[in-house]
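Since the structure comes first, as structure tokens, the remarks are kept for the end.
The values are calculated or read from the model by the stated rules, or taken from the named source; none is laboratory data. This structure is a prediction, so every number in the text was calculated from the model and none was measured. Here Cβ is always computed from backbone atoms with ideal geometry, including for glycine, and neighbour counts include all displayed protein chains. When the accessible area is computed, the model is the full protein with side chains, heavy atoms only, and any ligands, DNA or RNA have been set aside. Shrake-Rupley method; radii C 1.70, N 1.55, O 1.52, S 1.80 Å.
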Amino acid sequence: MQKYPQKPAFRLITIPVSHYCEKARWALERLNIPYIEERHVPPIHRLATSQAGGSSVPILITEAGTFTDSTDILHYLDRIASGEAKLYPTDPQLRHEVEQLAALFDTQLGPSIRCWAYFYVFDDWQLMRRLWGEGTPLVEQALFSIAFPIARSIARRIYNITADSAASSLGTIKSIFEMVSDRLADGRRYLVGDRFSAADLSFACFAAPILATPEYSVRLPGLHELPSQMAAVSQELQEIPAGAYARRLFRQERLHKYLEERLHLAG
Ligand SMILES: N[C@@H](CCC(=O)N[C@@H](CS)C(=O)NCC(=O)O)C(=O)O
């Protein structure tokens, strides 16, 4: 998938639905940096990531170097961003708070939502074909039926996806949503300070798959497409302040970019 083809671009290697990849896309788009996204179907992505010197996605390849972790990508982009577009505050105390929250979302929320969601949707081949295949090369889409069972069984093993781990992941997700709701209870507009930061961006991206966020880069399943147990949780979380907040961030902080991209693709 090529975006902004008129200028020289960074390369971003991704798996379509990955919420770690969404972090990198959003940061690149917010900073108005042209990039070419190279989407891959798992486990075929490993050919591209190992060639770039990494393993997981996202990987950002730039003239200044290759970044193989979503937080390293955000840090790098922040270094080259100017003023308003910066994702980390310059004040050291506020920056520390942003880093701490973002790390919690990276290490707890991201993996918990992945485990919980995959537990429910892994048997739905049609949905998985969209989530892992949308925008990937046609040859990889054609190989999906062979690749999917392999990638699914690897993912079940390395991410320990079981009924028990899905239930405990949901506990972690709810406690992080409660912490975020408590933080927002004083009426603040953003999680840290008075500006949008990497903490907000990370929370919105990681939460998106459980909130069926419509502006996400890959079409996430709506409530009507989800198994009823998932739909009930999604509905419940959308209605609490943290869930409403994450969806608002996509609408208010991302939607203009999203519309621009759709217009660009249509034009
Ligand atoms: N710490 C990494 C984690 C990224 C991650 O877990 N990516 C997953 C997709 S959600 C992945 O690439 N899984 C397949 C693999 O490891 O080969 C980051 O922030 O970039």
Under the 7 Å Cα-to-Cβ spin-label approximation, Glu239 and His96 lie apart by a distance in nanometres of 4.0 nm
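Full-extension gain between Leu31 and Leu223, please, as 0.36 nm times their residue separation minus the C-alpha to C-alpha distance. Each step should come with its number before you reach the end.
Working: separation 192, 0.36 × 192 = 69.12 nm, distance 3.17 nm.
Contour length minus Cα-Cα distance gives 65.9 nm.
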Between Ile13, Ile173, Ile36, find the one with the highest GNM mean-square fluctuation for the chain; connect C-alpha pairs within less than 10 Å.
Ile36
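Work out, step by step, the length gained on full extension between Thr162 and Arg188: first 0.36 nm times the residue separation, then minus their alpha carbon distance; give nm to one decimal. Could you put the intermediate results ahead of the total?
On the way: separation 26, 0.36 × 26 = 9.36 nm, distance 3.74 nm.
Answer, rounded to one decimal: 5.6 nm.
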If one builds a Gaussian network model of the chain from Cα atoms under 10 Å apart, the most fluctuating residue listed among Asp72, Asp91, Asp182 is Asp91
What order do His224, His96 take when sorted by accessible area (1.4 Å probe), most exposed first?
His224, His96
With 35 Å as the cut-off, how large is the P(r) tail for the chain, expressed as percent of Cα-Cα pairs?
12 percent
Hey, could you pull the Cα Rg and Dmax for segment 1-100, both in Å?
13.8, 42
Work out how far the C-alpha atoms of segment 143-225 reach from end to end along every principal axis, then list the three figures in whole Å, largest first.
50, 29, 27
Output the relative contact order of segment 115-192, whole-number percent, from Cα pairs under 8 angstrom with separation of 6+ residues.
39 percent
What is the percent carbon and sulfur in the accessible area of segment 145-235, measuring with a 1.4 Å probe over the protein chains and ignoring ligands?
53 percent
Using a 1.4 Å probe and counting only protein heavy atoms, arrange Ile161, Ile146 so the residue with the most accessible area comes first.
Ile146, Ile161
Hits in segment 18-48: amide N under 14 Å from the 7 Å Cα→Cβ extension of Glu84, namely 30-32
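Ordering Tyr120, Tyr76 by accessible area with a probe of 1.4 Å, largest first, what comes out? Please list the in-between numbers first.
Working: Tyr120 65, Tyr76 20 Å².
Order by accessible area, largest first: Tyr120, Tyr76.
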Rolling a 1.4 Å sphere over the protein heavy atoms, what is the accessible area per residue of the chain, to the nearest Å²?
45 Å²
Not counting ligands, DNA or RNA, and with a 1.4 Å probe, what is Phe177's accessible surface area in Å² rounded to the nearest 10?
0 Å²
